[in-house]
Each structure stands twice: as C-alpha cells, then as structure tokens.
Amino acid sequence: SFPFRTEPSAWWTAARKETTMTRSPLLPLLLLGASRADIPPARPDFGQHTRRRPSRHTLRRRRAQAVPLASNALSLNEFNAIRATEAPQDFGGVDSETADGLWGSAIEFEYEVSNAAAELYPHTMCSSQPDMSGDERGAQMTFALESVRSISQSDWRTSDYLFHNTDSVSCGILMASAETVSAVYEWNGDDMEGIEVNPLLGSMKMVAQTVNVIQARMAGTEFGAASVSAASGGADAPGGTLPASQLGLRLVLCPGTEGSGEEIVAGLRGRTSDVGGVVAKSFYSSRAAEDAPITERMDFWTSSIDAVAGMTADDGSNYCVDTLLAEGGMSYRVSLGDGAVDVFSRLSPSDLELGIAVGNFTLDQYNDCMWYAVYALSLDPRVCSVEPEARVTTVCDDGSLDLLGLGCGGGPMSHLTARESNLVDETLYYALSLNEWNAVRSTESPQDFGGLGGEETDDLWTDAARFEYQIAMNHSDDKSSSSAAYHPYVVCSLREGLSGAERERDVVSLFNSTPGVEAGDDYQAARYGLMHNTDRMSCLVMRAYNDTIWRVFEGNPESASYMTVNPVHPSMKMVAQTVNVVRARFAGNDPGDAVSISSGLDAQATSSAGGRIKVHTLGLRALLCPGVADFGGEDVTGGVIEGQVWDFVAEGGGRNVQELSFYSHRVDGGGVHTDRMEWWASSTEAVVASTDEEDGTNFCLDSVLRDTWTFSLSGDLTLSVFSDQSEVEADAMLAEAGRTRDEYETCVWYLLAALAVDPQICSIEPESRVKVLCADGTSDLSRCPLESSTGGPGASGLIALMTTLATTAVVSLVVMI
C-alpha cells in the first residue's frame, strides 16, 4: 500500500475527463473503447509528502464502542461537492429526507456485501481536519490505518495520491473490507473526528452524464451506423467502407488491482455472466424485491436487470450473457500501464439487425442487455470508475466492423480471440517508445512515422507494434522455419550493475527458464552479439514464437522493471538513409565515386577481350534473424534460405507481403498514417495490381526480379540482393517490354518493402560493389567490343562511353537503384 499524497492518481485522472460527446448521427450502444484522456487535470502544489505523525495523535490507543459505519460517511450532498457522478440522479427525484435515507441504506447494504466477500472493496477516505495541508491530512489518514493492531497492511491499500484536495477537504481511495473500516474507527475512537469513509457505490463510480450519453446514442436512428463525408471517400472509400462513431466504456481499475490482463478480464466477464450474483449485490434490486421506496432511476436499473434475468431459458442459458456479452460478442482490452480496461462490442449494426430479424432478441432486449452490462461492471470491486468514450471506426460494405482501423475484407487482424487481443495490449506496455528506439539505433523509423502530431505519432507507433504481435499470434498454426509466427524482437535490459555480456546472459536465462516456453519457441542472438550496449542499456535481437514474449513477462513479473521488448517492424530494420541512398541512385545525383574508368584493367583487359570499365553498383545487404539459419537446432542450407526469401517476396503475386504489411492495412483501411507509409503501400499495391488476370504473370516479379536478380547467402548470415543486369541492359529490357523506368523503380521499392516485411530478415542496408562491364555498358565480358590497336579505347568508343556516363550517371544499380 502507498501513503496518500497530493498529486492526483493516474486512475482518477482518466476518470475525471469531461464527457461531452455530441457526434451525429447516433448509434445504438455498441460498447467500444477509446483512447486515454488527452488533458490531465492540473496538479495541486502542496509540497512534498512527509510521513510525520500529526501532533494531535498520540501513541496511546483505546478500544471504543462499535460505531455504525454509515454515520461516519459523507452525505450525498457532501460527496456531490467532491466528484461529479451519477449519484445525484440515482438518488434524486425524491425529497431530501428520503434521498438521505436511501443513501444511508445503500452504504449499509454495500458494507454487508463487502463483509460477505473475500476481496477488498473500494472506498473514498476523506479528511476535513482544519489547518492541515493535503500532505498532512494524507499522513493523518495513513497513520490511522497503520496504527490499528488488529489489522495488517495486507488488509488494506490506498491510492498513491489524493484524488481531491482543497483547503477544506482532502480525499483518496481506500481498498478495504467493512470489517477493516470498522476496526479503524473502533481503534482510533475520537481521533477519527473529521475523517469520513464511504464505500464506492455503483452510481459513485459512473462519471456524470454517463446515462444521458448512452441514452442519446440509443435514441438515435436504430442502426444509423455511418456518417459519410467527401473527405472520407464516402461510399467509394476502399473496400466500401464508411466512417462511424461508436460508443463504449472505459473502466478505470482500482489501486493495487492484481493479476495479469487475462485474469482481470476473466474476473470482469465472470461478474457480468453471473446474473444471480449481480441481483444479490444490487441495493436497488434488494429494495425493489422488498417493495421499499426507490427512485425512478433505481427502478430503471432494476428493470434492465430483471429483463436480463428473464431471458434465462429452462436449460439455464441466457442469450444476453452467453452470446451478446460473451467473448465472441464483447471484447475487453486491458492497459495495465493506464490501469484501465476498454470494453466494446464485436457486433456490427448488421449483426444486430440479423439477430433481431431471426428472432434471437428484440431491440429492447439488446438495450436492456447493454444497460445490465454497464450496471454489473459498476458493481465490480476491481472497478473504481466507469465512463463512456467514443471512437471512430469503420463499417465495411459487408456490415462488419473494422475495429482496429486496418481495413475491411478480413486479414490477419480479424481472426484473433479476445484473449489474444488482451495479451497483445498487455505486452505493449513493456515496449520502447519511438523516441527511445531512435536513441538505440538509427533507422528509417523517424521518417516512416514522422509528419504527425506527437500523440498521433505515439499512437501510430503503438498500433504498428500491436499489428506485428497479432501477426505472430495469427500464424501460430504454422511452425515452419519461415513462418510469420516466429517474429523478430528487440529485447533491452536496463538492469543496473551488470555489464552488457551479463545482461545478455540474464535475458537469455529468463527466456530459457520461463514455464510454458518450450525449446524452439525462441532463438537468441548468440551468433550476433549485442546490437546496442551502453552503461545504461544493452539490447539484443531475438526471434520468438507466437505469444512467447507475453509468457516471459507473465512468468517473470519482476522483469517488467528492467526489460523492454519491441516487435521489429519494417522501418526498424532499414538503417537510416536507406531510402535517400536509393533515391539518389535513381535520380543519378551521386556520380562522384559511383563510376571509375580503366582502359587496361591490368591482365584482365587484352586487345582480344576489348575495353572494359569498372562501375560501382548498388544492392541490398540483408541480415538474417536468429534461428533462420539454424532452425530447430539444425543448420539450414543457403539454397533453402534463398528460396524461402524469394518465395516470401513473390508469393501470391505480392499479396502475401501486402497481407503482412501494417502500412498497407492502415492505408487501405483509411486509418491515420503518414505520407511515407502511403508511399510504401502504393508501391506494394502497384505490383500486386499489375498481375495479368488471364495468365497470372507479373512483370515485376517474373521479368525483373525472378529473371534478372540474384539472392545470395554468405557465411556471415547476410543475404546479398543484386541485379545481374547493367543499367544499359535494364533499359534495353524495358524498351523491349514496353515498360517505363518508373515501373522498374516501383518494382525495386516493392522488393525493399517485401524484404523489410519478411520475418526472416532483421536488418537491411544499401551495399555498394565494384563491377566490371564492357565499355559499352553491357555485362557479358566475353562479348566486349574490341579495343583499338593502340591498346586503349578508341576515341569514338571513349566519347560514347563518356556520353553514356553523362546521361545515366550510374551505370548499374545492381538493385538497379
């Protein structure tokens, strides 16, 4: 547990975001999460926290008479002055005496529920002691808890900071049982004067306007799922997509919530699936069952609960909880870093229309089911705040939802279970940010992700990592050596007091000793060494299978304090300036050292062999990932690896690359992306679209890459990729085929993009080589034109050669770059 301090906690900061959602047209409630609060509230400046005991306390403690806990709580009006919630509405519409009576009865009921449970329940704990700062009040409340001899610190925990702090009152969150709260009051007696503790009722967790926002959505056109604008492409947008605003919930977890993301989600699902348990823990339902007076809002909640209970069939099945709220219908995404869970529906408007049409449920039953879910989640003791949040997604022309902004028509992202999605989001918490990565290695990442605002850039970086994680999980059925299930990762250790070699051994040992991670699930970089090593941080490259990364963090929670893991996506593989170097060659802007001319070339040039020249040609050097050359503990031959890489580049006419490219999915789906991403995606799309529909041939893949390029593996685990043609020969080929230089260059850009997407490759950079050509620029040295009798190139040949160099600048690109 932590002492109260005056800085507001992250979980309450997120919950305090003002809810002002007026997007139109409205949707029925589709529970869909959204991003974190953009602007945190101002932090009060009350100085540093001190653990000193307030002078009014003494070491003498006495047992006092048991106190009625409700009498030590804030009144409804007092709580309303602290936080804007749904409490005034749930307890409103009646005279003040009735409202106060309901408020006190609700508090007593909540204490009874928590007493019967084996878990800690959330409370507000406030001090209104005069002449004290927020820090001093926090110390006062903390000391009141610590001083009770009959309880231990495992019986309670508090929020890290005060969520409310004014001259008159300071409040934090206390997690405890009713028994513990009672013990604190009994032990401290009169010293608890001015300290009030309230159990957090469901209405106290819902931010103000939660119900109105949801009701507004439900009151809109029944399935008015899309708003179309010219900017979004309207009905002609890729894949027949339409932008749509959807509403969901953000649940802010209580301080100290324990368990992995998967365990938290299982607990939340268990809460909503237990209709009888929700009824038993609902003060509103208990009042209704006794025919006791309740407010209209309370009756509204109990009506939804009763409606869902009434959906239970004779066999015990319930369509609401078994289908609409089950894993296939509802998704929970946990962000442990934010301490929050986003909840949204997997069902599209067309799914709902179909369900109603076939008689599975009515629209009223669907709405009751959604209200039930909101209320049930507000009763969960893991949840301290509930708020609606909207985000824009895409409704595809087939009625399905593009929940991740990656495009319609299926793809690798559409086949993940909710469990897999939660594992991905949980693992992303342990990754380096873009700026942190840029400090580790100079790559093309700043360019591929640049040109947007800071928050948009960060979100895009996270989405790219999420995509790579999900690609690995989606291909887990394929355990071949070239499978996308074996993805490359950068693993960094910041463990203090260790050398780079010690950090490397520590990381490898961590993976090898994790329960559930089998031999062959990961391939370390023993043959590569560290890619980055400073006093502060050491990083290595690793190739891991499926959800191995999550398993390591889940099995070794302490590693989260010093280890980061990033899936390596294309821009992280390209060394800095790769694109600029290739562009310069294409533009002919670097003739300075690109070409050298020799008339004799020593013994290689004879009068019978003809004149020759030396040229610098540009190609690509790709470093294989760990485990590619020694997959499964067995050496893989160079010929096999070369074939695997080529197959990856050419498979499906480029559709395989497109399917595994985050850039292509993002651009085609209309999600936020950079100009550079659109440029990469357009090169891939151009190659894919150029496949002849009749015979299946593809000029780029067949005539250029297959016929004129060589993939060659060397002993140092690098793959050299060069063209066999000179520039003169490439121009001749293009002229004969009726193709343009732009098409050739696009083909080369596609090759670079494909190699970067390939999970077998971990690094790519331009490589320059010297090549001998005939004086006329052709590469068949056995057919070079004869030299003049003087032993050097003839005057006319030299003039022709210099003309060629002047017009082409670079005689060969070996990647034709």
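The values are calculated or read from the model by the stated rules, or taken from the named source; none is laboratory data. Note that the structure is a prediction, hence the values are computed from the model and not measured. Because the Cβ atoms are built from the backbone with ideal geometry, glycine has one as well, and the counts that use them run over all protein chains shown. All accessible areas refer to the heavy atoms of the entire protein, side chains included, with ligands and DNA or RNA removed. Shrake-Rupley method; radii C 1.70, N 1.55, O 1.52, S 1.80 Å.
The table below gives the values:
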{"item": "Matching residues in the stretch 690-703 - criterion: being in a loop (DSSP other than H, G, I, E, B) and surrounded by 14 or more Cβ atoms within 10 Å (Cβ to Cβ)", "result": "Ser690, Thr691, Asn698"}
{"item": "Every residue from the stretch 707-741 that is β-branched (Val, Ile, Thr) and either over 19 Å from Asp758 (Cα atoms) or open to solvent by 50 Å² or more (accessible area, probe 1.4 Å) (or both)", "result": "Thr708, Thr710, Val728, Thr740"}
{"item": "The lone exception for Gly409 - which of (1) on the phi > 0 side of the Ramachandran plot; (2) at pLDDT 85 or above it fails", "result": "(2)"}
{"item": "Selection count, the stretch 190-212, where residues are open to solvent by 20 Å² or more (accessible area, probe 1.4 Å) and assigned to a helix (DSSP H, G or I)", "result": "3"}
{"item": "The one condition in (1) modelled with pLDDT of 95 or more; (2) buried (at least 22 other Cβ atoms within 10 Å of the Cβ); (3) in contact with an Asp or Glu (Cβ under 8 Å, 6 or more places away or on another chain); (4) not aliphatic (A, V, I, L, M) that Arg666 fails to fulfil", "result": "(1)"}
{"item": "Unique match (being assigned to a strand (DSSP E or B) and either of a type in the set (Lys, Arg) or open to solvent by less than 10 Å² (accessible area, probe 1.4 Å) (or both)) among Tyr469, Tyr489", "result": "Tyr489"}
{"item": "Unmet criterion (only one of (1) in contact with a Gly (Cβ under 7 Å, 6 or more places away or on another chain); (2) under 30 Å from Asp780 (Cα atoms)) for Thr684", "result": "(2)"}
{"item": "Residue match in the stretch 730-749 (condition: closer than 27 Å to Ala681 by Cβ and in contact with a Cys (Cβ under 6 Å, 6 or more places away or on another chain))", "result": "yes"}
{"item": "Residue within the stretch 306-328 that is assigned to a strand (DSSP E or B), open to solvent by less than 50 Å² (accessible area, probe 1.4 Å), of a type outside the set (Val, Ile, Thr) and modelled with pLDDT of 90 or more present", "result": "yes"}
{"item": "Of all residues making up the stretch 435-451, the number that are surrounded by fewer than 18 Cβ atoms within 10 Å (Cβ to Cβ) and outside any helix (DSSP H, G or I)", "result": "4"}
{"item": "Meets criteria (within 24 Å of the chain's Cα centre (by Cα) and within 23 Å of Pro567 (Cβ to Cβ)) for Ser683", "result": "no"}
{"item": "Some residue of the stretch 282-294 being open to solvent by 30 Å² or more (accessible area, probe 1.4 Å), in a loop (DSSP other than H, G, I, E, B) and touching a Phe, Trp or Tyr at 6+ places or on another chain (Cβ under 8 Å)", "result": "yes"}
{"item": "Complete set of residues in the stretch 360-387 that are under 21 Å from Thr302 (Cβ atoms) and in a strand (DSSP E or B)", "result": "Val383, Val386"}
{"item": "Residue list for the stretch 613-650, restricted to those being assigned to a helix (DSSP H, G or I) and of a type in the set (Val, Ile, Thr)", "result": "Val640, Ile641, Val645, Val649"}
{"item": "Extreme residue, modelled with the highest pLDDT, among residues of the stretch 528-548 that are within 26 Å of Glu518 (Cβ to Cβ) and among the charged types (D, E, K, R)", "result": "Arg543"}
{"item": "Selection from the stretch 345-359 of residues that are in a helix (DSSP H, G or I), open to solvent by 10 Å² or more (accessible area, probe 1.4 Å) and modelled with pLDDT of 80 or more", "result": "Glu353, Leu354, Ile356, Ala357"}
{"item": "In the stretch 168-189, the residues that are closer than 15 Å to Phe143 by Cβ and either part of a strand (DSSP E or B) or aromatic (Phe, Trp, Tyr) (or both)", "result": "Ser170, Gly172, Leu174, Tyr185, Trp187"}
{"item": "Subset of the stretch 108-167 (residues that are in a loop (DSSP other than H, G, I, E, B) and aliphatic (A, V, I, L, M))", "result": "Ala116, Ala117, Ala118, Leu120, Met132, Val148, Ile151, Leu162"}
{"item": "Selection from the stretch 160-183 of residues that are out of contact with any helix residue (DSSP H, G or I) (no Cβ under 7 Å at 6 or more places or on another chain) and open to solvent by less than 10 Å² (accessible area, probe 1.4 Å)", "result": "Cys171, Ile173, Leu174, Met175"}
{"item": "Scope the stretch 329-340; condition open to solvent by 10 Å² or more (accessible area, probe 1.4 Å) and either out of contact with any helix residue (DSSP H, G or I) (no Cβ under 9 Å at 6 or more places or on another chain) or outside any loop (DSSP other than H, G, I, E, B) (or both); matching residues", "result": "Arg333, Ser335"}
{"item": "Filtered residues of the stretch 492-519 (kept if modelled with pLDDT of 90 or more, in a loop (DSSP other than H, G, I, E, B) and of a type in the set (Asp, Glu))", "result": "Glu496"}
{"item": "Some residue of the stretch 427-444 being under 28 Å from Ile305 (Cα atoms), in contact with a helix residue (DSSP H, G or I) (Cβ under 6 Å, 6 or more places away or on another chain), of a type in the set (Val, Ile, Thr) and modelled with pLDDT of 80 or more", "result": "no"}
{"item": "Failed condition for Glu678, given (1) under 37 Å from the mean Cα position of the chain (by Cα); (2) surrounded by fewer than 19 Cβ atoms within 10 Å (Cβ to Cβ); (3) on the phi > 0 side of the Ramachandran plot", "result": "(3)"}
{"item": "Filter pass, Val757 being open to solvent by less than 30 Å² (accessible area, probe 1.4 Å), of a type in the set (Val, Ile, Thr), at pLDDT 65 or above and touching a Ser or Thr at 6+ places or on another chain (Cβ under 6 Å)", "result": "yes"}
{"item": "Tally, over the stretch 90-113, of residues that are open to solvent by 70 Å² or more (accessible area, probe 1.4 Å), farther than 17 Å from Ser285 by Cα and touching a residue at least 60 places away in the same chain (Cβ under 8 Å)", "result": "1"}
{"item": "Within the stretch 244-263, tally of residues that are buried (at least 23 other Cβ atoms within 10 Å of the Cβ) and part of a helix (DSSP H, G or I)", "result": "1"}
